[in-house]
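This report refers to the structure that appears directly beneath it.
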Amino acid sequence: MAGNEKNKTVAAVWSIAEPIAEELGLFIWDIRFLKEGATWYLRIFIDKEGGVGITDCENMSRAIDKPLDEADPIEQSYCLEVSSPGIERELTRDFHFECAMDCPIKLRLIRPDEKGRREFAGVLKDFDDGILTVETKDGETFNFNKKDTSWVKLDDFGGF
């Protein structure tokens, strides 16, 4: 499945999942549709103020099962997983960065910088037009293009 088709699938599922999540007092953190081995997975990450528990995941899974079957936005068979984004959640969407402003983050670059460094940790100070501004514990400020990162995550363990 091409990337564009996966994006369309995620968008279709998001439009189904969002109102259901809101009814349950939740919000959608992320949705991913990916293949691992021979199996396709539809992963819906939910959250709410104060965090989610297993009951929230069960309720969301039960509530979305029938609407997904009725809308049938996914051609192939798949496994549905509903979970919390967890500790050290990955920041992928623009609103994730807005939520993480002034929070400790860590990131890995796709390619090392001019000094050979690939991993950075600090506080997210700004996110504008795909550019992250990160201040390290030494007071240095770095700007990174989101496109140049392999991942950006909350640093819940304060590794910086």
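Structural remarks
- Within the stretch 1-125, percent of DSSP bridges classed antiparallel, to nearest 5: 75
- Under a Gaussian network description of the chain, with springs only between Cα atoms under 10 Å, the residue in 46, 20, 105 that fluctuates furthest is 20.
- Degrees separating the helix 3-23 axis from the principal Cα axis of the chain, which is the longest one: 70
- Mean-square fluctuations from a GNM of the chain, with a 10 angstrom spring cutoff on Cα atoms, peak among 49, 88, 36 at 36.
- Calculated from backbone phi, Karplus (6.51, -1.76, 1.60) coupling profile of the stretch 62-67 in Hz, x at Gly/Pro: 5, 5, 8, 4, 5, x
- Residue 150 accessible area, 1.4 Å probe, all protein chains in place, Å² to nearest 10: 60
- Among 107, 34, 124: highest mean-square fluctuation, GNM of the chain, C-alpha pairs under 10 Å: 34
- Listed residue (67, 77, 131) projecting farthest to the positive dipole end of the stretch 47-160, Cβ model: 131
- The residues of the chain have, on average, 58 Å² of accessible surface per residue, using a 1.4 Å probe with all protein chains present.
- With only Cα atoms counted, the chain has Rg and Dmax values of 17.5, 54 Å.
- Dipole check for the chain: with +1 at the C-beta of Lys and Arg, -1 at the C-beta of Asp and Glu, and the Cα centre as origin, the magnitude is about 620 Debye.
The values are calculated or read from the model by the stated rules, or taken from the named source; none is laboratory data. Remember, predicted model here, so these are calculated numbers, not experimental data. Don't worry about glycine lacking a Cβ; one is built from the backbone with ideal geometry, like all the others, and counts go over all protein chains shown. Just so you know, the surface numbers come from the protein's heavy atoms only, side chains and all, with ligands and any DNA or RNA stripped out. Shrake-Rupley method; radii C 1.70, N 1.55, O 1.52, S 1.80 Å.
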